[in-house]
Each structure stands twice: as structure tokens, then as C-alpha cells.
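Heads up, the thing below is written out as C-alpha cells.
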Amino acid sequence: MTRPGPAAGRRQTADSDSAAWVAPVGAPGLPLEAGPTRDGVDLAEWARTHQDTVRDRLHAHGAVLFRGFGITLETFGEVVRALAGEPEAYVERSTPRTELGRHLYTATDHPADQPIALHNENAYQLSFPARLVFGCLTPARTGGATLLADTRRVLARLDPRVVAAFTERGVCYRRTYREGLGVSWQDVFRTHDKDAVTAYCAAHRIDVEWKADGALRTTQVRPAVAVHPATGERVWFNHAAFFHVLGHPPAIRDALLAQFDERDLPSHTSYGDGRPIEPAVLEQLRHAYDAERVAPRWRAGDVLLVDNLLAAHGREPFTGERRVVVGMADPLQWAEVRA
């Protein structure tokens, strides 16, 4: 199935030579780096005019790093709309973010000294963005790269028996929201109304349990492998390792396990039928991500367009100010990509 580009309705007629005004730089890879070949190129205008070029480069490489356009917070929103479509609200949150404009956010407010493991945005949700657009306003003094990994290649590295088990069973995501621990349910669902949360979860196939102490437990089962709707390629697309308690740094993991049993952890995963994911399988998943991980360094004004199915992303720890913003767009449903 081929989906239209996110801004197909706004295409403009242009001189065919203008496609070459933004061209690849250096060797192809993940991400593909592209920059202007002449002065005064407006990235948003060029992207609106050359949707097919953007799409083809994105599908071939999984991510495109646009460098040399001097993007600012004031111009970032228009670039997001041109590259990916109208940005969507961030719901069912798993990390704290600050909204900087309409549906434009800090990439994360996660502590700077902690890494963020590779993952695909909102893969645990019934609906998720097909495209992510990151913009670097201020690079970190040290570290702070937005990590990437090709999910086609991650999948190819996994034992076929592991893939078959996840394909058959899916992934069960269990989250428990408590006051003062992690992101609150009020922030996750953007409401203080318990009935509204219950209604949202019913509509999105999420089981809800309100605890006597005021905590909320949610449980949902999603597939683990997706088929890209445009390229037809199978990809590893889930949070099985990312949300699992063993995915935390040892100090955090040990503190959580000392305080809670598995059912009450802030987040945890199992196979979709409830069986535990074996530690050896989790280790295999981490090795596959690590083997494909790349860490392109940010420069001020950079824009990184990511196909959310073809490339997982994460973040290095960092020092310094680091201001990276993100817009998420072009929503997809699991029904459109299920393997």
C-alpha cells in the first residue's frame, strides 16, 4: 500500500533543476546528510515543492539530516509541516516534554546524565506518527547525539525463533502511574478527569484499573513487527526492550525492583500472552540495536527527518545546554502496518 505524501495537496510546479538545490553530502548512510547547493534555499519551500524527492530519500535511508539551512524555533514549525505534515499532539506520553508551540515540543526533558535507549516513537499506541522532525537550536557541549538505528537491519539480526515468538504473541505493555514517580496520568492523558481517561482507554484498546491508593494501571497488547506501508519492508517496531525493567541502568533497575513487584512497576513488558520475556532475548535485542546504532553529531540549525518505522532513535547523555525540539506528524494506525 502506498500512502500519499503528508503535504501532497500543497505541491507546487517548479523548475526540475530546483530538485538539485538540496543534494546529498558525503557517503550515503543513516542518516543521509543533505545540504543546499546554492545560497538562499528555503528548506520548507523546497520540501513542499519536492515531496517525491524527500519521500524517496527518506524511504531509502530511514532518516535525512538537513544541514546548512539555519533553522530557528521561529521557522521550525513551517519546516515540520513541509517535511511531515501538520504536527500532532503528544498523548499517552512516556517522557516529560515542554510544549514550545502548537504541538511542537522539547525532544525530551529526561535528565541529561541518563541515556535514552533506542526506540520507535509511540509504538505501544494504537496510533503513532509515521514521521518525526527534530531541530537543533543549541548543541550540547559534550555528547547529546540523537542516536539512530535502521529497524530493517535490527530485525535481520534477530534469531528467527525470537521474531516468530513476538510475531505470534505480540508485546504486553503494563504501566502504573503514581504521584511523584515518573510522568503522572494527568500529564500522560492531558486531563484530570478519570472518566475521560477511562473513555480514552476504552476507545484505544487499553485495559484500565484504578487502584485504591489513587494509582492507575494500564495494560495493552500490540504487535512487535510492522510492515512499512509504502516500501513493504518488515521492521522491528515495539518497546519490548525499552519499557522492560531490565532496560534501565543498573542502579535504577535495582531500586525499582527493591520497591515494587513486576505488576506495580512504572513500566514493564512481557509477551502479549503474559509470559515473561527471557533475559537472553532482551540481551539479544539490545545487541541488535547496539550493532546498528549510529550517533550523528548535532550542529545548530540542523533538521533531522526520521521515518518512525524505518529508524529507531534515542539520545546520548550530555553536558551543556542542549536544546533540541521535535514535531511528530503523519499519523498511522497499527491496522495499516501490521505484519
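The values are calculated or read from the model by the stated rules, or taken from the named source; none is laboratory data. Keep in mind the model is a prediction, meaning the values are calculated, not measured. Because the Cβ atoms are built from the backbone with ideal geometry, glycine has one as well, and the counts that use them run over all protein chains shown.
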TODO: Return the pairs, sorted by first residue and then second, in which the second residue is at pLDDT 95 or above and in a helix (DSSP H, G or I), the first residue lies in segment 142-169 and is more than 19 Å from HIS119 (Cβ to Cβ) and not assigned by TED's automatic domain parsing to the domain that holds ALA112, the beta carbons are less than 9 Å apart, and the residues are 6+ apart or on different chains.
DONE: ASP159/VAL281; ASP159/GLN284; ALA165/VAL281
- [ ] Would you check if there is a residue in segment 172-183 being among the basic types (Lys, Arg), part of a strand (DSSP E or B) and crowded, with 18+ Cβ neighbours inside 10 Å?
- [x] yes
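Here's the yes/no breakdown for (1) within 17 Å of ARG152 (Cα to Cα); (2) of a type in the set (A, V, I, L, M, F, W, C):
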residue: ALA300; (1), (2): no, yes
residue: LEU304; (1), (2): no, yes
residue: ASP307; (1), (2): yes, no
residue: ALA311; (1), (2): yes, yes
residue: GLU316; (1), (2): no, no
residue: VAL325; (1), (2): no, yes
residue: ALA329; (1), (2): no, yes
residue: TRP334; (1), (2): no, yes
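Does ALA203 satisfy being buried (at least 18 other Cβ atoms within 10 Å of the Cβ) and either at pLDDT 95 or above or under 30 Å from ASP113 (Cα atoms) (or both)?
Working: buried (at least 18 other Cβ atoms within 10 Å of the Cβ): no; either at pLDDT 95 or above or under 30 Å from ASP113 (Cα atoms) (or both): yes.
When the stated conditions are applied, ALA203 does not pass them.
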- [ ] Identify the residue in segment 72-94 that is among the polar types (S, T, N, Q) and crowded, with 16+ Cβ neighbours inside 10 Å and, among all such residues, is modelled with the lowest pLDDT.
- [x] SER94
Task: Selection within segment 127-147 - of a type outside the set (Gly, Ala, Ser), farther than 16 Å from VAL91 by Cα and buried (at least 24 other Cβ atoms within 10 Å of the Cβ) - done: VAL133, CYS136, THR146
- [ ] Could you check ALA255 against (1) under 21 Å from ASP150 (Cα atoms); (2) surrounded by fewer than 16 Cβ atoms within 10 Å (Cβ to Cβ) and say which number it fails?
- [x] (1)
- [ ] Count, please, the residues in segment 290-310 that happen to be out of contact with any Asp or Glu (no Cβ under 6 Å at 6 or more places or on another chain) and within 21 Å of ALA89 (Cα to Cα).
- [x] 6
- [ ] Among the residues of segment 234-263, write down those that are within 18 Å of the chain's Cα centre (by Cα) and either touching a residue at least 40 places away in the same chain (Cβ under 8 Å) or assigned to a helix (DSSP H, G or I) (or both).
- [x] ARG234, VAL235, TRP236, PHE237, ASN238, HIS239, ALA240, ALA241, PHE242, PHE243, GLY247
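Report yes if PRO96 is assigned to a loop (DSSP other than H, G, I, E, B) and under 17 Å from PHE134 (Cα atoms), otherwise no. Explain how you work it out, then say what you get.
Details: assigned to a loop (DSSP other than H, G, I, E, B): yes; under 17 Å from PHE134 (Cα atoms): yes.
Spelling it out, PRO96 is indeed assigned to a loop (DSSP other than H, G, I, E, B) and under 17 Å from PHE134 (Cα atoms).
Go through ALA291, ALA312 for me and flag whichever is among the small types (Gly, Ala, Ser), in a helix (DSSP H, G or I) and either touching a residue at least 12 places away in the same chain (Cβ under 8 Å) or within 14 Å of HIS119 (Cβ to Cβ) (or both).
Numbers: ALA312 fails: in a helix (DSSP H, G or I).
Going through ALA291, ALA312 in turn, just one is among the small types (Gly, Ala, Ser), in a helix (DSSP H, G or I) and either touching a residue at least 12 places away in the same chain (Cβ under 8 Å) or within 14 Å of HIS119 (Cβ to Cβ) (or both): ALA291.
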Open item on the list: Which of the numbered conditions does TYR124 fail, given that it passes all the others? Conditions: (1) surrounded by 22 or more Cβ atoms within 10 Å (Cβ to Cβ); (2) in a loop (DSSP other than H, G, I, E, B); (3) in contact with a helix residue (DSSP H, G or I) (Cβ under 9 Å, 6 or more places away or on another chain).
Closed with: (3)
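To keep it simple, each residue is scored yes or no on (1) closer than 28 Å to ARG161 by Cβ; (2) crowded, with 20+ Cβ neighbours inside 10 Å; (3) aliphatic (A, V, I, L, M).
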position: TYR271; (1), (2), (3): yes, yes, no
position: GLN284; (1), (2), (3): yes, no, no
position: TYR289; (1), (2), (3): yes, yes, no
position: HIS313; (1), (2), (3): yes, yes, no
position: ARG323; (1), (2), (3): no, no, no
position: ALA335; (1), (2), (3): yes, no, yes
position: ALA339; (1), (2), (3): yes, no, yes
